[in-house]
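A.B. asks: Sharing a structure here in structure tokens format.
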Amino acid sequence: MRDLSVRDRAAFLPGADALVVADVHAGRDEASSVQFPLGERDDLVDRLDALLAHFAPETVVFAGDLFHRFDGVGRPAREGLRELVSTCRRTDARPVLVGGNHDTTLSAASDETVHDAYALRDGTVVCHGHEEPSIQGDRYVVGHLHPTIEIEGHTRPCFLWGPEAYAGADVLVLPAFNRLAPGVDVNGVYNPDVSSPLVRDIDAFRPIVYDPDSHETLRFPPLSKLRRLL
């Protein structure tokens, strides 16, 4: 991976001075059937605040599925998104919203401009990944798939790195930033199961896992080879 760092389900691109998170799914906890508060908003805001303190980015791009529900957005979800945007602005980072397939009401529920895709100054295009991007880029950073990986009985969020995977450009798939959002175990995912036009050959993608205890970034071989090793 060139010119890119990962940390706590987010990617930082130094050449663009930009932090990218995907699949915030604000309102996931209110859509749950559990009868107690899950602390989603505090978790999202605290973790974003820690990333802003660590990287001090100029721009923060939210790569789609900012809201969880398709059919309407409740007050807690709107307030949660507003707080994430305010958290960026408190550190002088510029928030950029990119719409995802869940974000049918995002434009109506937020005063921010909503983009289909967003081009960063280093040639990277950020989009959600559920459809073909409207902008050409030298590299793509997407969400949508919520990748996780199981290793030695432990499931962890993971990034997927695809060299020259889409139109000759590299693709990075981010895990869901919301820890309540269900993940998709890439150990058992094959091409017919993938719902992103930017991930046409998932076997060629390489899982990347950030270890929050050691702060190490663990890189694995392509899934086609890794499945035989696990």
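The values are calculated or read from the model by the stated rules, or taken from the named source; none is laboratory data. All values derive from a computational prediction rather than experimental measurement. All Cβ positions, glycine included, derive from the backbone under ideal geometry; neighbour counts span all protein chains shown. SASA here: full protein model, heavy atoms, side chains in, ligands and nucleic acids out. Shrake-Rupley method; radii C 1.70, N 1.55, O 1.52, S 1.80 Å.
A.B. asks: Restricting to segment 154-183, name every residue that is surrounded by 15 or more Cβ atoms within 10 Å (Cβ to Cβ), under 24 Å from Asp42 (Cα atoms) and of a type outside the set (D, E, K, R).
C.D. replies: Pro157, Cys158, Phe159, Leu174, Pro175, Ala176, Phe177, Asn178, Leu180, Ala181, Gly183, listed by residue number.
Conditions (1) open to solvent by 50 Å² or more (accessible area, probe 1.4 Å); (2) modelled with pLDDT of 95 or more, marked per residue:
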{"site": "Leu51", "(1), (2)": "no, yes"}
{"site": "Arg69", "(1), (2)": "yes, no"}
{"site": "Glu79", "(1), (2)": "yes, no"}
{"site": "Thr87", "(1), (2)": "no, yes"}
{"site": "Asp92", "(1), (2)": "yes, yes"}
{"site": "Thr105", "(1), (2)": "no, no"}
{"site": "Leu120", "(1), (2)": "no, yes"}
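A.B. asks: Which residues, counting only those in segment 193-211, are in a loop (DSSP other than H, G, I, E, B), hydrophobic (A, V, I, L, M, F, W, C) and more than 13 Å from Leu174 (Cβ to Cβ)? Steps first, please.
C.D. replies: Residues of segment 193-211 that are in a loop (DSSP other than H, G, I, E, B), as a first pass: 194-201, 205.
Filter once more, keeping what is hydrophobic (A, V, I, L, M, F, W, C): 194, 198-199, 205.
Result: Val194, single match.
A.B. asks: Still on this structure, please answer the following. Identify the residue in segment 1-33 that is among the small types (Gly, Ala, Ser), crowded, with 24+ Cβ neighbours inside 10 Å and assigned to a loop (DSSP other than H, G, I, E, B) and, among all such residues, is modelled with the highest pLDDT.
C.D. replies: Ala22
A.B. asks: Output the qualifying pairs, or none if there are none: Cβ atoms under 6 angstrom, residues six or more apart or on different chains, first residue in segment 82-97 and of a type in the set (Val, Ile, Thr), second residue part of a helix (DSSP H, G or I).
C.D. replies: Close Cβ pairs (under 6 Å, with a partner that is part of a helix (DSSP H, G or I)) amount to Thr87/Val45; Thr87/Leu48; Thr87/Asp49; Thr91/Leu52.
A.B. asks: Any idea which residue in segment 202-219 is most open to solvent (accessible area, probe 1.4 Å), counting only those that are within 19 Å of the chain's Cα centre (by Cα) and hydrophobic (A, V, I, L, M, F, W, C)?
C.D. replies: Out of the qualifying residues, it is Leu218.
A.B. asks: Assuming His128 fulfils every condition listed in (1) out of contact with any Leu (no Cβ under 6 Å at 6 or more places or on another chain); (2) open to solvent by 20 Å² or more (accessible area, probe 1.4 Å) apart from one, which condition is it?
C.D. replies: (2)
A.B. asks: Could you check how many residues of segment 16-27 are over 13 Å from Val125 (Cα atoms) and among the small types (Gly, Ala, Ser)?
C.D. replies: Residues flagged as over 13 Å from Val125 (Cα atoms) and among the small types (Gly, Ala, Ser) within segment 16-27 amount to 3.
A.B. asks: Follow-up. On the given criteria, is Tyr190 of a type in the set (Phe, Trp, Tyr) and closer than 16 Å to His130 by Cα? Walk me through how you get there before you give the answer.
C.D. replies: Numbers: of a type in the set (Phe, Trp, Tyr): yes; closer than 16 Å to His130 by Cα: no.
It is false that Tyr190 is of a type in the set (Phe, Trp, Tyr) and closer than 16 Å to His130 by Cα.
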